[in-house]
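A short write-up of the structure that comes next.
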Amino acid sequence: MKLFRTRATFGALSLFTGAAALAASVCGVQAAPTLVVDVSSGAVLHAEEATRPWYPASLTKLMTVYVALRAVHEGRVSLQTPLVVSNRAARMAPSKMGFKSGTEVTLENALKMIMVKSANDVSVTIAEGVAGSVEKFSAEMNQVASALGMRQSHFVNPNGLHHDAHVSSAQDMAVLARALLIHFPQHQTLYGIGALKLGTKIIPTHNGLLGRYPGADGMKTGFVCASGFNVVASATRGGRRIITVVMGSPNAKTRTLKAMSLFEQGFAVSNFGRTTLAQLPPSGVAEAPNMRSQICGPGRNRDSIGEDFGVSVAGLQNPGTNFDEGGPAAFFQQQRMATSPALAALATGDLGPRPVFDPVPIYIGRAPGWAGSARAALTDDASDAAATKPAGGRTHPATQANPHKPLPVAKPKAAEKKQQAAKPAAKKQQGAKATQKPTQKPAAKAAQKPAPKPAPKPAAKAKTDQKPKAAQKPAPKAAPKPQASATPSAVQ
């Protein structure tokens with residue numbers, strides 16, 4: 001049995017070497033980052049380009065989860081705290097849940113959505129609910145990264161949508177994954193959910209390791225054209241848990257096969273005498289490579305690089321074939337070998353079907369019995385003009401419980417145009433005297449512009465001037481209102 005396992009492992013490693021060379025030729029780089037780490041000791045079992053800067057894509061959401069769980073631990077929010085979807089969140093690019101602005105979702109449900117669906121809109125909702133804004137949340141992400149020793153990472157958003165300054169590395173992602181498992185062990189099931197159920201809608205995971213590799217228990221995938229296909233995965237065997245990081249794969253299938261092979265390699269070696277995560281040397285590379293032209297450029301079939309498919313969900317007809325036979329997931333065949341499915345996949349390149357997942361139910365809205373307030377963005381400053389039009393200047397009813405109400409940027413500009421229309425209304429509120437002399441007020445305004453004409457009657461006009469000045473006093477009082485509403489933003 002020992003001999004068989006050794007031979008199978010060597011065969012897997014040789015297959016991995018060929019797959020890595022193929023991936024490198026497709027991506028146009030010498031080698032993409034890979035890393036295998038023992039969770040308990042931090043020993044490095046395998047490393048290649050581990051400290052090279054790389055775009056993390058949706059692996060970013062692991063940091064979003066860490067910052068959110070830390071806020072729960074510190075008592076700033078709870079898992080049942082309702083979070084309000086802002087205009088800014090609603091306009092995020094896919095992958096997304098597609099919630100309308102004003103929708104409420106609990107933090108617990110939101111965390112499940114970003115781990116399974118990888119929802120970019122919900123990631124922004126979490127950031128705004130926890131910290132008040134994406135910018136403040138990103139600053140907190142960077143503070144946590146520094147405290148954890150993530151030396152190559154810099155975050156500018158909570159979802160991983162591409163930005164040239166939004167970078168990380170395989171080393172940093174392993175540091176983060178290990179911190180999540182050690183610091184928040186009570187939330188480990190969050191990373192291994194196979195599918196969610198929202199009403200009648202089934203939302204499958206993108207993680208092709210779940211249910212296919214023995215002992216795989218979760219973590220996160222990520223993809224943007226600039227990064228290629230990334231994954232941070234964990235697996236347990238014989239009481240030993242290891243983390244594998246793969247970045248820059250040309251497609252989801254290659255990513256999964258590479259991770260399987262690295263797990264086999266990691267479980268086959270011991271921890272003794274090995275370098276730790278903190279001891280990995282710097283790469284000497286300053287910038288992350290942009291893989292867009294190689295991954296998503298001309299001639300690349302988007303169907304062939306799509307995320308993982310073929311998730312089997314309980315309760316569906318023919319759950320073992322829950323995918324389009326003629327679609328991009330056709331490489332998931334229905335045959336299995338009697339031996340380890342993982343070794344079969346490595347030997348044949350056939351991932352095989354997943355087991356049937358029981359979807360975890362989630363919901364929209366507040367938790368039953370919740371009596372607290374909702375958390376929302378301090379300001380909803382959508383810069384997209386198209387997004388601003390339907391939103392108008394309305395505040396969401398759900399944010400009324402929040403002491404920090406959203407302040408649309410478009411309102412101050414509109415208020416300047418409406419001040420003239422508001423002045424007659426303010427004058428009417430002063431009493432009947434203001435309404436009885438509508439003609440004298442325009443005359444008074446006209447008198448203010450040409451100073452020479454009112455010269456013969458200075459005293460009388462001084463009296464009439466005092467009335468318009470008294471009427472103008474409410475206007476300065478109304479002007480500070482935007483400042484008063486902005487004060488809570490500055491306080492928090």
Exercise for the section: Specify the inter-centroid distance of segment 150-192 and segment 62-84, based on alpha-carbon positions, in whole Å. Expected result: 15 Å
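For the residues 183, 73, 206, 154, what sequence is obtained by ranking on other C-beta atoms within 10 Å, fewest first? Don't skip to the answer; put the middle values down first.
Values: 183 13, 73 10, 206 23, 154 17.
Neighbour counts put them in this order, fewest first: 73, 183, 154, 206.
Near residue 66, within a Cβ-to-Cβ distance under 13 Å, what is the net charge of the other residues, with Lys and Arg +1 and Asp and Glu -1?
Working: positive: 61, 70, 178, 220; negative: 74, 140, 172.
Once all neighbours under 13 Å are counted, the net charge is +1.
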Handout entry: Quotient of C-alpha Rg and 2.2 N^0.38 Å, computed over segment 61-182
Key = 0.98
Exercise for the section: State the volume of the convex hull built on the alpha-carbon positions of segment 141-275, expressed per residue in Å³ and rounded to an integer. Expected result: 143 Å³
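Cut-off is 10 Å between beta-carbons; in what order do 92, 219 appear when sorted fewest neighbours first?
Working: 92 21, 219 29.
In increasing order of surrounding Cβ atoms, one gets 92, 219.
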Practice task
Could you tell me which of the pairs 61/136; 61/201; 61/96; 112/136; 112/258; 197/253 are separated by over 19 angstrom between their Cα atoms in the structure shown?
Solution key: 61/201; 112/136; 112/258; 197/253
Practice task
Based on other C-beta atoms within 10 Å, arrange 234, 293 from fewest to most.
Solution key: 293, 234
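Report Rg/Rh for segment 111-188, rounded to two decimals, where Rg is the Cα radius of gyration and Rh the Kirkwood radius. Can you show the working numbers first?
Numbers: Rg = 12.4 Å, Rh = 13.1 Å.
Dividing the radius of gyration by the Kirkwood radius yields 0.95.
Every number here is computed from the coordinates shown, using simple stated rules; none is lab data. The structure presented is a predicted model; accordingly, all values stated were derived computationally and were not measured. When we count neighbours, we look across all protein chains shown, and the Cβ atoms used for this are built from the backbone with ideal geometry, even at glycine.
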